[in-house]
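In what follows, a single structure is set out as structure tokens and then discussed.
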Amino acid sequence: MDIVFIKDLDIETVIGIYDWERKIRQTVRLNLEMSSDIARGAATDRIEDALDYKAVAKRLIAFVENSSFQLVETLGERCAEIVLNEFPVEWVRLELDKPGAVRGSKSVGIRIERGRKP
Ligand SMILES: Nc1nc2c(c(=O)[nH]1)N=C([C@H](O)[C@@H](O)CO)CN2
């Protein structure tokens, strides 16, 4: 299976379950692996035949910046839905990190796989 990926996309948003978290913006980090037929774009050398990772990133930045969920689970699930519903992607693995959320830990977060592997 061919993959287009986006690594360490940092986005500021309102996220968290505590009162103090509802009043500030925190950084979340997205990592995505998306199934894509790499050979198709390679054959024509045209962006129209490839999965445009910049378009995916811009869409997710706009969504996450304007969101205000409590749980990383909810935000991650919504992001995966956007990728599957709005782009030519049949399967996605998504990691959503909340760096520094737990003292003593570099990061915490979720990893999900959604869709059907081609
Ligand atoms: N499974 C989860 N556990 C926790 C979450 C979460 O989103 N999913 N969130 C918090 C707090 O917001 C925490 O990040 C603040 O430091 C705690 N546990």
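The values are calculated or read from the model by the stated rules, or taken from the named source; none is laboratory data. What you see is a predicted model, and the numbers here were worked out from it, not measured in a lab. A quick note on method: Cβ atoms are made from the backbone with ideal geometry, for glycine too, and the neighbour counts reach across all protein chains shown. With ligands, DNA and RNA removed, areas are computed over all heavy atoms of the protein, side chains included. Shrake-Rupley method; radii C 1.70, N 1.55, O 1.52, S 1.80 Å.
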Taking protein heavy atoms only, a 1.4 Å probe, and rounding to whole percent, the accessible area of segment 2-115 owed to carbon and sulfur comes out at 48
Any chance you could give the angle, 0 to 90 degrees and rounded to 10, that helix 72-86 forms with the longest Cα principal axis of the chain? 20
Heavy-atom accessible area order for Met34, Met1, largest first, 1.4 Å probe: Met1, Met34
Peptide ranges 53-61, 39-47 listed from the most packed, as the mean C-beta count within 10 angstrom indicates: 53-61, 39-47
Taking Lys117 as the anchor, which lysines have their alpha carbon closer than 28 Å to its alpha carbon, excluding any fewer than eight residues away along the same chain? Lys7, Lys54, Lys58, Lys98
Under a GNM of the chain (C-alpha, springs under 10 Å), which listed residue has the highest mean-square fluctuation: Val83, Val28, Val102? Val102
Using the alpha-carbon atoms, what tilt in degrees (0 to 90, nearest 10) does helix 53-65 show relative to the longest principal axis of the chain? 20
Under the helix-only model (-39500 (n - 2.57) for each DSSP H run of 4 or more, divided by the residues of the chain), the mean residue ellipticity at 222 nm, to 500 deg cm²/dmol, is -9000 deg cm²/dmol
Amide H of Ser107: which non-local residues (sequence gap of 5 or more, or other chain) have their own amide H closer than 5 Å, using H built in the peptide plane? Gly100
